[in-house]
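Working notes, structure below.
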Ligand SMILES: [Zn+2]
């Protein structure tokens, strides 16, 4: 199913899981026109999570679970930020000024929130409601990717789990990931899950008391189909083992 601000894969997937990919796309909707930055910048991590959508699709098929993807660049609106967050419609991102977001008016801010952010999150809400009505308690899994270097500092972690206070499932997945010899796994590095910054998992999973995971794959590991398949398999194996333990 395709919407203006989101798309859904495997909507009828039977597993008690829902995958979400907030930064799946670098698309700028035609009504926005142009953000005023080079086309090359729109290919960078500032515009989207490189490789994350492909990994999410593989996971949705493997688990037979629905997956929802925002289809608007996070430079238009960051679907993992709340209303009022300065990063919601960033004026500058990793050193790149975003001219179209400078001095953006209240009406356009509200329009972007309603048309893109709310529509995407309403679709996630509906998917969760459908699972609850079917008697399932879905695990919400948020898939992100991170740039290999930030502000000149290289990141050693190939995959990183992001957690807040509820660490049960997160820690079981971490332990399973660490069984893979030679893989560098981040635990709340470089990012944690912060309800003051992150929107999606706090809003959809923590608020409802649903089990959840948030993961970051390093972009250079998932920038090819082979890498996407490899890392989706590594993560899926860890999730399956972690969920089996918790039953
Ligand atoms: Zn992301």
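Quick one: which of 31, 57 is more than 26 Å from residue 150 (Cα to Cα) and part of a loop (DSSP other than H, G, I, E, B)?
Details: 57 fails: part of a loop (DSSP other than H, G, I, E, B).
Among 31, 57, only 31 is more than 26 Å from residue 150 (Cα to Cα) and part of a loop (DSSP other than H, G, I, E, B).
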- Which residue pairs have Cβ atoms under 8 Å apart, sit 6 or more places apart or on different chains, and have a first residue in the range 45-74 that is under 20 Å from residue 96 (Cβ atoms) and a second that is at pLDDT below 95 and not in a loop (DSSP other than H, G, I, E, B)? 46/93; 46/96; 47/41; 73/42
- Query: Filter the range 133-156 for residues that are over 24 Å from residue 60 (Cα atoms) and outside any strand (DSSP E or B); which is farthest from the ligand (Cβ to nearest atom)?
  - Reply: 152
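Residue by residue through the range 21-54, note down the ones that are away from the ligand (no atom under 16 Å from the Cβ) and either out of contact with any helix residue (DSSP H, G or I) (no Cβ under 8 Å at 6 or more places or on another chain) or on the phi > 0 side of the Ramachandran plot (or both).
At the first step, the residues of the range 21-54 found to be away from the ligand (no atom under 16 Å from the Cβ) are 28-41.
30, 31, 33, 36, 38, 39, 40, 41 - these are the residues of the range 21-54 that are away from the ligand (no atom under 16 Å from the Cβ) and either out of contact with any helix residue (DSSP H, G or I) (no Cβ under 8 Å at 6 or more places or on another chain) or on the phi > 0 side of the Ramachandran plot (or both).
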- How do the pairs read when you match residues in the range 96-125 that are touching a residue at least 24 places away in the same chain (Cβ under 8 Å) with residues anywhere that are exposed (fewer than 12 other Cβ atoms within 10 Å of the Cβ) and in a helix (DSSP H, G or I), using Cβ under 7 Å and keeping only pairs 6 or more apart or on different chains? none
- Across (1) within 16 Å of the chain's Cα centre (by Cα); (2) more than 15 Å from the ligand (Cβ to nearest atom); (3) free of Cβ contacts under 8 Å to residues at least 40 places away in the same chain, residue 232 clears everything bar (3)
- Across the range 123-132, which residue is farthest from residue 16 (Cα to Cα) among those that are more than 16 Å from the ligand (Cβ to nearest atom) and touching a strand residue (DSSP E or B) at 6+ places or on another chain (Cβ under 9 Å)? 123
- Task: Check off (1) in a loop (DSSP other than H, G, I, E, B); (2) away from the ligand (no atom under 15 Å from the Cβ); (3) under 25 Å from residue 194 (Cα atoms); (4) in contact with a strand residue (DSSP E or B) (Cβ under 9 Å, 6 or more places away or on another chain) for residue 18 and give me the number that stays unchecked.
- Result: (1)
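Yes or no, residue by residue, for (1) on the phi < 0 side of the Ramachandran plot; (2) crowded, with 21+ Cβ neighbours inside 10 Å; (3) assigned to a loop (DSSP other than H, G, I, E, B):
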residue: 172; (1), (2), (3): yes, no, no
residue: 192; (1), (2), (3): yes, no, yes
residue: 195; (1), (2), (3): yes, no, yes
residue: 209; (1), (2), (3): no, no, yes
residue: 223; (1), (2), (3): yes, no, yes
residue: 229; (1), (2), (3): yes, no, no
residue: 234; (1), (2), (3): yes, no, no
residue: 239; (1), (2), (3): yes, yes, no
residue: 243; (1), (2), (3): yes, no, no
- Task: Give the residues of the range 37-49 that are surrounded by fewer than 22 Cβ atoms within 10 Å (Cβ to Cβ) and in contact with a strand residue (DSSP E or B) (Cβ under 9 Å, 6 or more places away or on another chain), sorted by residue number.
- Result: 37, 38, 41, 44, 45, 46
- Exactly one condition in (1) within 14 Å of the chain's Cα centre (by Cα); (2) assigned to a loop (DSSP other than H, G, I, E, B) is not met by residue 160; state its number. (2)
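Give the residue, chosen from 100, 65, that is out of contact with any helix residue (DSSP H, G or I) (no Cβ under 6 Å at 6 or more places or on another chain) and assigned to a helix (DSSP H, G or I). Spell out how you get there, then give the answer.
Details: 65 fails: assigned to a helix (DSSP H, G or I).
Being out of contact with any helix residue (DSSP H, G or I) (no Cβ under 6 Å at 6 or more places or on another chain) and assigned to a helix (DSSP H, G or I) holds for just one of 100, 65, which is 100.
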- Task: Working only within the range 65-120, note down all residues that are within 22 Å of residue 7 (Cα to Cα) and either modelled with pLDDT under 95 or touching a strand residue (DSSP E or B) at 6+ places or on another chain (Cβ under 7 Å) (or both).
- Result: 65, 66, 67, 68, 69, 70, 71, 75, 79, 119, 120
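The values are calculated or read from the model by the stated rules, or taken from the named source; none is laboratory data. For clarity, every value in this text was computed on a predicted model and none was experimentally measured. No Cβ is skipped: glycine too gets one built from the backbone with ideal geometry, and neighbour counts run over all protein chains shown.
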